[in-house]
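A quick write-up on the structure given underneath.
The values are calculated or read from the model by the stated rules, or taken from the named source; none is laboratory data. What you see is a predicted model, and the numbers here were worked out from it, not measured in a lab. Here the Cβ positions follow ideal geometry from the backbone for every residue, glycine too, while neighbour counts run over all protein chains shown. Areas reflect the complete protein model, heavy atoms only, side chains present, ligands, DNA and RNA absent. Shrake-Rupley method; radii C 1.70, N 1.55, O 1.52, S 1.80 Å.
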Amino acid sequence: MARPVTLFTGQWADLPFETIAEKAKSFGYDGLELACWGDHFEVDRALSEDGYIQSRVDVLEQHGLGYFSISNHLVGQCVAEAAIDARHRDILPDRLWGDGSTDGVRERCAEEMKDTARAAKAFGVDVVNGFTGSPVWHMIYRFPPTSDEMIDAGYREFADRWRPVLDVFAAEGVKFALEAHPSEIAYDIYTAEKALEALDHHPAFGFNFDPSHFIHQLFDPVKFIDRFADRIFHVHVKDSKVTLDNVTSILCSHLNFGDVRRGWDFVSPGHGDLDIDAMIRALNRADYQGPLSVEWEDSGMDREFGATESAAWVKQNDFEASGRAFDAAFAED
């Protein structure tokens with residue numbers, strides 16, 4: 001096995017931490033990527049309560065599980081959003097929501113992301129995965145008429161909001177890995193380039209590579225790895241399936257995940273359009289040695305069955321790069 005295979009706990013936050021740790025070990029995982037929601041890893045408690053971080057470590061060690069990163073997608077989403085609304089209320093704790101004013105939520109969430117870097121260092125991991133939000137996502141269709149100046153201003157706003165956060169990450173020796181994703185400031189290759197440029201290629205900023213978000217955009221996820229080889233800080237293994245049939249829409253018609261009328265949907269790894277062989281070869285070219293973290297999402301499959309199958313599937317398909325040419329032996333005496 002070339003890399004540890006972990007389970008991202010974000011989709012299991014309804015379960016107590018001890019329960020998901022026990023289950024993950026029984027599913028066949030080597031470790032956990034802890035979500036900063038539910039009771040899996042609480043940033044405020046990590047920084048304020050003696051013994052809290054050790055309590056996380058003790059449970060992980062009890063079950064023989066490693067830990068390589070934490071993830072704070074929900075809070076990060078609110079740092080650079082164009083507007084804060086009821087959708088964000090549902091993903092934030094009361095202490096961050098406050099009175100719900102856009103500026104107040106953004107500011108509190110930015111401070112929480114700085115604290116997430118500090119908590120990650122205290123926990124002993126050097127990567128925090130997450131989202132950034134976007135001041136320009138609502139302008140994606142370029143209508144009403146949208147100028148380049150409007151888009152550029154949005155990227156400057158993103159950089160202004162995130163640069164102070166990333167400076168704390170750098171000071172703590174922790175990297176922030178944006179999961180490039182529709183609704184984020186970077187969702188494909190060109191917007192990822194634009195985000196890096198806006199940040200002057202800040203050393204603490206890179207990507208949590210997740211191919212499922214690229215498959216349904218109809219571009220090759222491997223191209224993202226090859227373009228940003230030195231900025232792939234973490235990897236999610238997640239799959240999606242395109243089901244366009246001349247009736248369904250790639251924009252999915254405001255239909256929720258799991259609705260068969262969608263033009264694509266997330267599916268359990270190995271059940272979609274992910275070419276894992278090409279992905280592993282690209283990660284090997286990039287010399288990525290971190291975990292392969294299963295983010296399990298499939299509305300049509302029992303999650304315990306799917307998580308168990310996924311652990312085995314990823315381990316079966318991961319392999320180390322060769323240190324020699326396959327025909328090198330022909331030249332030996």
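Total residues in region 263-283 satisfying the condition of being surrounded by fewer than 18 Cβ atoms within 10 Å (Cβ to Cβ) and within 15 Å of Arg227 (Cα to Cα): the figure is 2.
The single residue among Lys238, Lys223 that is among the basic types (Lys, Arg) and either open to solvent by less than 30 Å² (accessible area, probe 1.4 Å) or at pLDDT below 95 (or both) turns out to be Lys238.
Is it the case that Gly76 is open to solvent by less than 40 Å² (accessible area, probe 1.4 Å), modelled with pLDDT of 95 or more and under 22 Å from the mean Cα position of the chain (by Cα)?
yes
Only residues that are in contact with a strand residue (DSSP E or B) (Cβ under 8 Å, 6 or more places away or on another chain) and of a type in the set (Val, Ile, Thr) were counted in region 58-104, giving 2. Within region 167-188, residues that are within 20 Å of Met139 (Cα to Cα) have Cβ atoms under 6 Å from residues that are assigned to a helix (DSSP H, G or I) and open to solvent by 10 Å² or more (accessible area, probe 1.4 Å) in these pairs: Ser183/Trp137, counting only partners at least 6 apart in sequence or on another chain. On the stretch given as region 124-145, residues that are of a type in the set (A, V, I, L, M, F, W, C) and either part of a loop (DSSP other than H, G, I, E, B) or buried (at least 23 other Cβ atoms within 10 Å of the Cβ) (or both) total 6.
If I filter region 106-118 for residues that are closer than 18 Å to Phe228 by Cβ and open to solvent by less than 30 Å² (accessible area, probe 1.4 Å), do I get at least one hit? Checked region 106-118: no residue is closer than 18 Å to Phe228 by Cβ and open to solvent by less than 30 Å² (accessible area, probe 1.4 Å).
For region 1-31, a residue qualifies if it is more than 16 Å from Pro291 (Cα to Cα) and of a type in the set (S, T, N, Q), and the qualifying residues are Gln11, Thr19, Ser26. Name every residue in region 156-207 that is assigned to a helix (DSSP H, G or I) and open to solvent by less than 30 Å² (accessible area, probe 1.4 Å), in order of residue number. Phe158, Ala159, Trp162, Val165, Leu166, Val168, Phe169, Thr191, Ala192, Ala195, Leu196, Ala198 - these are the residues of region 156-207 that are assigned to a helix (DSSP H, G or I) and open to solvent by less than 30 Å² (accessible area, probe 1.4 Å). Of all residues in region 284-298, those satisfying the criterion of being charged (D, E, K, R) and open to solvent by less than 70 Å² (accessible area, probe 1.4 Å) are Glu295, Glu297, Asp298.
Within region 196-212, track down each residue that is out of contact with any Lys or Arg (no Cβ under 8 Å at 6 or more places or on another chain) and within 22 Å of Met279 (Cβ to Cβ). Result: Asn208, Phe209.
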